[in-house]
Each structure stands twice: as C-alpha cells, then as structure tokens.
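Asker: The structure's right below; bear with me while I get my questions together.
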C-alpha cells in the first residue's frame, strides 16, 4: 500500500490534538508503529500474577456487588424474541428476588431491532444515559462480523439510537485492520460516532469492539486499542462473544495499560469492557483486581468498566448468597431468564 | 476502605506441626548437638519459632563419619536407577508436603507465601525430579564412560532461599552418587529440619544426607574437615574467599556461587510494560535477597524519566507486610544484621549524592522491614553501584549507546547475571555475547529451571549448578580423559576478541 498521496482522515478531536491538524493515514500509521511492543510471555505472566490475589470476606462482598453493578446483561441470539428480551430486562431489574439489597446491573445489551422492546420493558427504570436506572446497549454496525458497507453500518447505528439505545457497541472492520488499512478503520469509527448523535445534540455512548480473537497478536490489540481511542471511542471492548477466544485476562490487562497510558498523556478516562467467556465469579474478581492494580479503582464504576456477560450473573448471585447465608444453595435458587 | 486494601487473606500456620526444639540430623536420626542451642525467629514478628541445636567440631566429625560410612557401604554401591528412585520419592514427598513447606519457609525466612508457594517449593520439587532422571544416565554427563562420585560432599547454603538452595546442592550430589553433610544458614534452619523428616519418610538410607545446624563456625569446621572430598558453597564473596583459601592445597573439589551486582539493561525499544515488571521482579523479588538480583538498572537515557515514573507508579501498588498473607508482595528482611547493612549502604548512597525515593509503605512495628527504594542519579563510581546491597534497593544508571551499556554492565568485579530488554532480537544476541555474566535473561528476569546451568564469572564464583553442567561438580571422569571441550563445558568461555564488539547492534 502506498502512502505517496497522504490520505486525509476524518478530523476526530483526539487524533487532531495528538497528531496535528493535517490528519493523514500516514501520520496515524507512524504513530501506531511507534508504540512500544508487547512481550507476550511477560504480559501473560503478569496476568497470571494478578490472578493469584486472594480476595476474601469484605473485599469479596464488595467485588461481587461491583460485578453485578457493572454488568451488561446480554442476550445476542438469532432466536431472541420480544418475550426473551422482556425476561432479560426483568432479570436485570431484579437479579435476586430473595435479596432486595442486590444491586441492579448496568445495562441490558441486545440486537438493534430488540431495542424498542427493552426500552418498553424497562419503562421508568430506563436510565436513558442518566446516573440511575438501567441503560440499553445495542450492538450495531453489522455485528458480529462487521462485513457490510459503511452506509448499512451507519443506518444500523442510527436506527438503534433513534429507538432509544443509550450505548452502541460497534465492531471494527478487522479485515481492513489486518490488511493494514488503518485509515479505513479509523474513519468508520469516526462516522459511527457521529451516527450516535441524537436529535438533541447529545451522543449515545460508543463502545468499540476490537474482536481481539481475530486480531490475534498482542501488538495488534495494542495498536487497535490506541486507534479506537484516537477515533473517539468512549469504551474499548474485547470481543463480540461470537469468536473464540473472547475476553482473556492478558488481553484485558493490555487494553487497560493502553487506557492508563492515554490517561497519563491526556488526563482523559476511557472505559473498558471485556466480553465473552467470563462465566465464574472467581474469574470476574480477577478482572477487578487487574483493573484496580493497572488503572486504579476509580475505574470500577459503570461509567468506566463493564462486563459483557450472560451466565456470569447467576454465578455471582450464588456466591453472594453463600457470603450472606454461610452455605451454598444451587442453580435452582437463582432465576433463569 | 477501598477495594485495593484487600481484606486480610492469611495462610494458616495451623498446618505446621513444629517441634519446640530441633536436633542435628546425623545418620538418619535427630540427635542433640554439643554446642549451645539457639533460637530461630520469625523476622516479621521477632517471635521465636523453635530452638535449634548447634553442631560443634565433634558433631561435624560424627556427621562426616556417617556420610563416609554410608558412601562406602551403601550409596556408592547402589545402582543409579535405585538412587534415582529415592530422589523421585523425595520429589513427590516435597510436592505432597508443599503447603507445609511453603508456610514454614515464609514464617522462618520472612519472604511472602506467594513466593514460597509459587516459586521456592515448586522449584525444589523440580530440582529433585530433574536430577532423579540423571541418576542412571551419568555416562551422558560429558565426563566419559562410568564417571565416579567424589565421595562426601560438604555443603554450606545461604538464608535467602533456604530450601531451594538445599535442593540445588543435595539433588545433583546424590544423583551423582555422593553422600552429603549440609549446613543451612543460622537464621533459616527450619525447612532443612522438615526436609530431614521427608528423608526419613522416604526411607533414604541412614547417613546419605546429614544436616548440621549452627553459625559460621560450624560451616568452617565442615568445609575444612579432612575427610570431605567436595566443598560447595553459596553465599557472600567474603566467606567464599575464605573457603577457597582453606581448600587450596587439598584435593577437595570446590564450587562457589557468590555475590552479584547484575545489570538489568533497558533499551528505548523495550516492551515497556513488561520491562517495568522485569525491573520490579529483578530487584524486589524476595526483598532483593537474591544473588542474581538486577540491582543495577541500566536504562537508556532517552527513556530514563518515563521508566522511572512508571516504575514508581508500579511500586506504589506493591504490598508489604505479613509474609503469610497471600496478597503480600514484599516480606520482611531476613535479619536485624542484614537490615542494618541495607540501611548503612542506602545512607551511603544518599551521602554520595544519589537521589533516593522510597515507596510509601506502612512499616509494621515489630520485625525487620525495608520499603522498596530506588536511587537515581547514580554514577558507576558510587558504592551503591558497586557493592552488593542484598536488599530491595535499586541503583539507576543511564547509558546512551549499546557499547556504553556493555562497558558499564561489565564494569563490576561480579558477573553472575544480567538482563536485556529490547524488542530487537539481533541486539539481544549481540549484547548477550558481550556481557560477562553467567546467566543472561532476555525480556525476562529471575527465571530458574533445573535444566539450565547457573553460576558466575569473576568474583561471583566458579563452577555451575543446574543442568548437565551441574553434575560435573560432583563427578570425576573414570581414568578416561574427557576431550577438552567437554571438560571445559562448565568453565567460562574466553572473552571475545575486541573486534567483535563493533558488531554490536546499532
């Protein structure tokens, strides 16, 4: 690919501030190539080290509540119906009927066409971007593959926002990224961000899914994270949950390191969402430890941290019941949705 | 209370079934010593854990005699495969009792349970498994057919990795067919005593391993004993020098693994987050009580500020305190004497004009503690850049070019280990070729494996432990002269010719 004729990129604010006014693909590429490399063995060792933290008693209680409070309760099935979505919302509102003190989840995450049903089911509990209540997140941009024209991706996004989605989980074009067309990936994120704009001028929150299982190398994950942030991501997110491996602790650690570096550089806080593959409370607690020891515990709020999960919630509820009552119950003591 | 103040998660010491007093382990039995009994304390609380017998000259005589007897009558006559069975059995018992050993080591040494559980004890088992496999394959050790054992090995080990150093010493000695008298360090005899119980459990023939406890004088009596054939020592260069003198002129074979002042070299193209972890692991692992610790950070000048800034941020997340808490990263300094030495040298560092930064840690009231400390603005002429501090103190020196990094890294009387951090493979290899150190880590630090030889250049000692090379320290060729290339396998390679220095990566 030649860069003889500098390809101008959409002037995303962050990128312009960091790379200068004449934003070109060449400038973006040079910047991404200049990032320090990632040693895979060392990264995985550090993640394994963080996994050995032993979280007990009061710390465990806080951790379990935080997992629930930062959970994007997710249903992304071809077989989803208005009924299953209503059921999902009911679970989000009342995770554990035996304990009214149980916190509510941060959001429900659904396909774009299911947004109206989720919004309707939430009713007055719909946070609509506010601090209290439950947000509605929609996956968009031809999720999960992202293989559609930009026009379709934008229409997908606009429709979800118009239907009341507070958060958009978009996928990047992994094909373009792996082919080296960083500019294409960048411009699409900028365009989708603009499509998140509501009629009143406010924006739906944008989570950018890197699909790290397809990017394969940690160096790629680092570049893609940095690129997504430069293009305007509010959150960076590991995976769709449709590709294996989905979220892993080393990948999440690496993305958090990028977020920490961005914060060091600009003072701005970017959110993080690992998604897919986190099913046990024990694993989820390791993610919280990793957040706290990498970017700091300031990040452990729904504004800056989310778990994308479906089956995790019930395991957390069982652990929570155990802490409360002193004994384990079983899968019939938590509700299915 | 924030989440990061993790609630206490102490490992229970109830698993230990300690005796109030431990004798010497001679000829398969625990026996009283003739010296004065001394206390072993927990450096984290200064509480007495147990009383330990002290061996005097007569006790050492008895131990050596027992080792000689069992060498002549049992061990040297046993087949290699049978010796291997005992070593495999010891390895399995170490694994079975791993939790107990990890707790005892953390209690007695002051190092965190996270390290004893995840590093020390697993490596101890690995060492015995590895050398168990060698016991019936000694003809492949590179010393010709049927190499023979040396006889009785006198071994003196330090307090920084009490059980691991014991394994490094005993496993190859036994695999090669020697019998052993070993002296643990005065402050850390406890796990050696538990190990003696394991030997009884394994039904190792009496006298094959004898353990004499006590201070330096006990060690001196042991290494100068007329009836030992091999002396192996790990510890300070000062004591190593004395031992070398006492062994000179005798037929005893000698292995010394002494001090170090390793350079951990960070280039501007290093994988930065992993390099920071490597620096932390290099000097703050085991409170810096590591002979191969990366105590001199050589950092390329153009990334100095960034590295130091990130390092300080990372250090502020380290947790110092109760060694038995599973979340403790930094434990106690092993003894009051060692703490004093660290304090003295750190004060010297300040007086000499280096800039001191100490992590903000809450120091417990009791016990011996020293918070992680970094000195910047250190010049190679400073004492803290030359002397081994053996504590959690890092001296930071800058360099501009690969040639300067090599010159500064090699400018030390020691030569045990070094680290290189760069994403450029060619530079890594070129540098490793020029560094005069026995162990060189690239993009990692303080990693050990029984199959890898370990040992030093210059004042860091001679001989190698670990791997096939480690066997050479406990074997003699059997009337057959090994080709020079093989017998020199454990010796230091000649210094590369000056002209190759130009080939160092640009």
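Read-outs: derived from the displayed coordinates by stated rules, not from any lab. Bear in mind that the values here come from a model prediction, so they are computed numbers and not experimental data. Cβ sites come from the backbone with ideal geometry, for glycine too, and all protein chains shown count toward neighbours.
Asker: By how many degrees, 0 to 90 and rounded to 10, does the Cα axis of helix A:82-93 deviate from the longest principal axis of chain A?
Answerer: Computed tilt is about 70 degrees.
Asker: Moving on. In degrees, nearest 10, range 0 to 90: what is the angle between the Cα axis of helix A:150-162 and the longest Cα principal axis of chain A?
Answerer: For helix A:150-162, the angle is close to 40 degrees.
Asker: To continue, here is another question. How would you rank A:98-105, B:153-160, B:236-243, B:315-322, highest first, on the average number of other Cβ atoms within 10 Å across their residues?
Answerer: Result, highest mean Cβ count within 10 Å first: B:153-160, B:315-322, B:236-243, A:98-105.
Asker: Please state the relative contact order of chain A as a whole percent: Cα pairs under 8 Å, 6+ residues apart?
Answerer: Relative contact order, chain A: 18 percent.
Asker: Continuing with this model, one more query. What distance in nm separates the simple spin-label points at residue A:336 and residue B:347, each placed 7 Å from Cα in the Cβ direction?
Answerer: 7.2
Asker: Could you give me D for segment A:186-278, from Stokes-Einstein at 4 °C and 1.567 mPa s, where the hydrodynamic radius is the Kirkwood radius over C-alpha pairs? Units µm² s⁻¹, please.
Answerer: For these conditions, the coefficient is 96 µm²/s.
Asker: Okay, next question. Inside 10 Å of the C-beta atoms of A:54-61, what's the mean count of C-beta atoms belonging to other chains?
Answerer: Partner Cβ neighbours, averaged per residue: 6.
Asker: Against the longest principal axis of chain B, how steep is helix B:80-96, in degrees 0 to 90 to the nearest 10, with axes from Cα atoms?
Answerer: 60
Asker: Rounded to whole Å, give me the distance from the Cα center of segment A:64-117 to that of segment A:172-243.
Answerer: 24
Asker: On to the next question. What does the structure give for B:248-260 when I average, per residue, the other chain Cβ atoms found within 10 Å of the residue Cβ?
Answerer: Counting other chains' Cβ atoms within 10 Å and averaging over B:248-260 gives 0.
Asker: May I ask you to derive the FRET efficiency for residue B:357 and residue A:40 from their Cβ-Cβ distance with R0 = 41 Å, giving the value to the nearest 0.05?
Answerer: 0.85
Asker: Nearest 0.05, what FRET efficiency do residue B:366 and residue A:200 give at R0 = 45 Å with Cβ-Cβ as r?
Answerer: Using R0 = 45 Å, I get an efficiency of 0.10.
Asker: Something else about it: Gaussian network model of chain A, Cα springs within a sub-10 Å range: biggest mean-square fluctuation belongs to which of A:273, A:193, A:26?
Answerer: Comparing A:273, A:193, A:26 in the GNM, the peak value goes to A:26.
Asker: Moving on to the next point. Please state, to two decimals, what the Cα-based radius of gyration of segment A:1-132 comes to when divided by 2.2 N^0.38 Å (N = residues).
Answerer: Against the compact-globule rule of thumb, the ratio is 1.60.
Asker: Let me ask you something else. List the residues of segment B:139-183 whose backbone N lies under 19 Å from a point placed 7 Å from the Cα of residue B:69 along the Cα-to-Cβ direction.
Answerer: B:151-154, B:178-182
Asker: Semi-axes of the equivalent ellipsoid of segment A:107-229: what are they in whole Å, largest first, if each equals the square root of 5 times a C-alpha gyration tensor eigenvalue?
Answerer: 27, 14, 13
Asker: Quote the FRET efficiency, to the nearest 0.05, computed for residue B:96 versus residue A:280 with a Förster distance R0 of 25 Å and r equal to the Cβ-Cβ distance.
Answerer: After rounding, the FRET efficiency stands at 0.35.
Asker: Sticking with this structure for a sec: Taking neighbour Cβ counts within 10 Å as the exposure measure, how do B:190, B:150, B:93 sort from fewest upward?
Answerer: Going from least to most buried by this count: B:93, B:150, B:190.
Asker: Segment B:411-481 to segment B:336-355: how many Å between their Cα centroids?
Answerer: If you average the Cα positions of each part, the centres end up 29 Å apart.
Asker: Order these peptides, B:467-473, B:182-188, B:402-408, by their mean beta-carbon neighbour count within 10 angstrom, highest first.
Answerer: B:182-188, B:467-473, B:402-408
Asker: What is the percent of Cα-Cα separations in chain A that go past 39 Å?
Answerer: Tail of the P(r) past 39 Å holds 12 percent of the pairs.
Asker: So for B:361, A:71, fewest C-beta neighbours within 10 Å to most, what's the order?
Answerer: Result, fewest neighbours first: B:361, A:71.
Asker: Before anything else, pin down the relative contact order of segment B:5-68: Cα pairs under 8 Å, at least 6 apart, normalised by residue count, whole percent.
Answerer: Once divided by the residue count of segment B:5-68, the mean separation gives 31 percent.
Asker: Starting from the Cα of residue A:33, move 7 Å in the Cα-to-Cβ direction to define the label point; list residues of segment A:173-217 whose amide nitrogen is under 15 Å from there.
Answerer: Counting only backbone N, you get A:180-183.
Asker: Under a GNM of chain A (C-alpha, springs under 10 Å), which listed residue has the highest mean-square fluctuation: A:311, A:239, A:149?
Answerer: A:149
Asker: Next up: Please state, to two decimals, what the Cα-based radius of gyration of the protein assembly as shown comes to when divided by 2.2 N^0.38 Å (N = residues).
Answerer: 1.08
Asker: Can you sort B:378, A:243 from fewest to most other Cβ atoms within 10 Å of each residue's own Cβ?
Answerer: A:243, B:378
Asker: Rounded to the nearest 500, what is chain A's calculated 222 nm mean residue ellipticity when only DSSP H runs of at least 4 contribute -39500 (n - 2.57) each, over all residues?
Answerer: The helix-only estimate for chain A comes to -14000 deg cm²/dmol at 222 nm.
Asker: Show me, bin by bin at 20 Å from 0, the whole-percent P(r) of chain B based on Cα pairs.
Answerer: In whole percents, the pair-distance histogram is 24, 56, 20, 0.
Asker: Per residue of B:322-329, how many C-beta atoms from partner chains lie within 10 Å of its own C-beta, taken as a mean?
Answerer: Going residue by residue through B:322-329 and averaging, the value is 2.
Asker: Once you put a point 7 Å from the Cα of residue B:316 and another 7 Å from the Cα of residue B:401, both along the Cβ direction, what distance in nm separates them?
Answerer: Once both label points are built, they end up 3.8 nm from each other.
Asker: Relative contact order, percent, of segment A:236-316 when contacts are C-alpha pairs under 8 Å separated by at least 6 residues?
Answerer: 34
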